[in-house]
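Down below is the structure, laid out as structure tokens.
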Amino acid sequence: TGMRVNRVILFRASPYEVRSGDVITLDGSGFSKSLNKVYFNGGNPITATSTNGIAMNVTAPALSEGEYRLSVSNVLGSSDNPNIPVSLKIANSPQPPPAIKNASIAGETVTLMGEGFTNSNNIVTTLGNTSASLSASGEVLTFRLAELSQYEQIKKSFLGRKYPIALWIYVQNEHGINKNPYKLNITL
């Protein structure tokens, strides 16, 4: 489903890992200026406000450690959509999500420099996603373009011609996903 006017949609909660009492930013649309209810696993509602209808900050309630699915409701309805699950993790020692600080490409190998990379990273890009987790040393993560699910199909559609494209990159692991994509200009 696409974005609809006058409908509550929740896209993301960041950071993914928090302690009870930490501030969480919710991104979406259709948020009310005054009467939003934010639910954690369908319960523990918190009243929240939004100044612009697309973002709001809430404080994580006192909950036991674990992952919680979030939803938002107001007079426009509820964001509870199984096709767009949004979760966060309450933890005593939350870890920051991965962050990409720099990227380079040599041949068809992309090297990401950053922090928070673990032994189970997934790459999400404009050329598709990796089908298997990639291991990293914490600050360096590499992958081949051929590992991306749509790479071969897109490359074939260029009929052997070279085209410059922007490769937008996210890294996702057990601690979350980088909030903003990293843009790497490449030629296919």
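The values are calculated or read from the model by the stated rules, or taken from the named source; none is laboratory data. These numbers were taken from a predicted model, which means no experiment stands behind them. Don't worry about glycine lacking a Cβ; one is built from the backbone with ideal geometry, like all the others, and counts go over all protein chains shown. When the accessible area is computed, the model is the full protein with side chains, heavy atoms only, and any ligands, DNA or RNA have been set aside. Shrake-Rupley method; radii C 1.70, N 1.55, O 1.52, S 1.80 Å.
Overview of values
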quantity	calculated
The stretch 1-75: radius of gyration over Cα atoms, expressed as a fraction of 2.2 N^0.38 Å	1.05
Inter-label distance for N185 and I54, nm, one decimal - labels placed 7 Å from Cα along Cα-to-Cβ	2.5
Rel. contact order, % - alpha carbon contacts under 8 angstrom, at least six apart, the chain	18
Euclidean distance between Cα centres, the stretch 108-135 to the stretch 75-104, Å	17
Under Karplus coefficients 6.51, -1.76 and 1.60, residue-wise ³J(HN,Hα) of the stretch 77-82 in Hz, glycine/proline x	x, 10, 8, 5, 10, x
More than 15 Å apart - percent of Cα-Cα pairs taken over the stretch 23-124	69
Förster radius 30 Å - calculated FRET efficiency between V23 and Q153 (Cβ-Cβ, nearest 0.05)	0.15
Sequence-distant residues sharing a close amide H with S78 (under 5 Å, placed H)	V8
With every protein chain in place, the stretch 59-188: carbon and sulfur % of accessible area (1.4 Å)	49
Sites matching trypsin sites (Lys or Arg not before Pro) across the stretch 141-188 that sit in DSSP coil, with at most 11 neighbouring C-beta atoms within 10 Å	R161, K162
Accessible area per residue in Å² at 1.4 Å probe, computed on the chain	54
Loop-located chymotrypsin sites (Phe, Trp or Tyr not before Pro) in the stretch 74-176, at most 12 other Cβ atoms within 10 Å (DSSP)	F158
Ranked order, D80, D22 - accessible area, probe 1.4 Å, largest first	D80, D22
Proximal lysines to K162, defined as alpha-carbon separation beneath 21 angstrom and excluding residues fewer than eight positions away on the same chain	K183
Largest-first ellipsoid semi-axes for the chain, taking √(5λ) over the Cα gyration tensor eigenvalues, angstrom	34, 21, 13
